[in-house]
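What follows is a short report on a single structure.
The values are calculated or read from the model by the stated rules, or taken from the named source; none is laboratory data. Everything numeric in this text was worked out from a predicted model, so none of it was measured. We place every Cβ from the backbone using ideal geometry, glycine too, and count neighbours over all the protein chains shown.
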Amino acid sequence: MDIFSARLKWLRERKGLTQNEVAEAIGMSRPGYTKIEQGQREPKLEVLAKLPHVVGESVDFMLGVTDFTSKTLILNSQFIALYRTILKFMNDLQEIQLNPFSTNITFKYFDPSDPKMVESRISTIKDSLKKYKVEYEQKKEELIPLLSEIPMMPDHLIDKTLNLNPWDEFGFIDENE
C-alpha cells in the first residue's frame, strides 16, 4: 500500500467514517473509493481536492509531502520552541556562571558587580529550567505516541524526537540543585 492509500485509510478510520460515507461525501461510488484506498486507483484532481474537507487533513499530509498531521505539526512546533527556550536559558546560565560581565548577557536591570544579584539570577534561571524540564518531558510524552501511529512515518523523525535532549547539550546542569 502506498503512503497516500495508507494515510487516507488511517484518516478515515480516525474520523470514524465508513468507506461509503467518504465516497458519498466526495461524490463517487464506494467501489471506486475502495480502489483508491487500496492503492488500485489514483484519485482524480476533483476528488483529491474534496478529501481534506472530509478527512480533516491536508493533501500534503496524505501524499507524504509532510509527515505531520495538523495536530502533530502544532505539538512539534511547540516542542521545538520549548527546546530552543531551554537551550537559551542554559546558555544564559552558563554565560553568567562563567563570566557575569560578559557582553552576551542581556538581562534588564542586571548588575554583574552585585554578587547577590548574580546569585539571584542564577537561582531564577535554574528554577525556570526545572519547570521547563517537566513541560518538555510532558510534550515529548504527548508527541511520540502521536507520531508513532501515523502510517509510514519515517523512523528517523521519531528517533530524532526521542533523542532530542537539551540537557545533553550542556553537561554542567545539576538536576539536584
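Computed quantities for the displayed model
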quantity	calculated
Matching residues in the range 108-150 - criterion: being outside any helix (DSSP H, G or I) and under 30 Å from residue 74 (Cα atoms)	150
Enumeration of residues in the range 15-27 that are within 23 Å of residue 153 (Cβ to Cβ) and either in contact (Cβ under 8 Å) with a residue 40 or more places away in the chain or aliphatic (A, V, I, L, M) (or both)	15, 17, 22
Selection from the range 109-132 of residues that are under 11 Å from residue 93 (Cα atoms), touching a helix residue (DSSP H, G or I) at 6+ places or on another chain (Cβ under 8 Å) and without any contact (Cβ under 8 Å) to a residue 24 or more places away in the chain	118
Single residue of the range 1-54 satisfying the filter (part of a helix (DSSP H, G or I) and among the small types (Gly, Ala, Ser)) that is farthest from residue 68 (Cα to Cα)	32
Complete set of residues in the range 56-90 that are in a helix (DSSP H, G or I), over 17 Å from residue 147 (Cβ atoms) and touching a residue at least 24 places away in the same chain (Cβ under 8 Å)	63, 85, 86, 87, 89, 90
Every residue from the range 62-113 that is among the aliphatic types (A, V, I, L, M), surrounded by fewer than 17 Cβ atoms within 10 Å (Cβ to Cβ) and closer than 22 Å to residue 52 by Cα	63, 65, 73, 74
Sole exception among (1) farther than 30 Å from residue 162 by Cα; (2) of a type in the set (Lys, Arg); (3) in the same structural domain as residue 152 (by TED's automatic domain parsing) for residue 50, by number	(3)
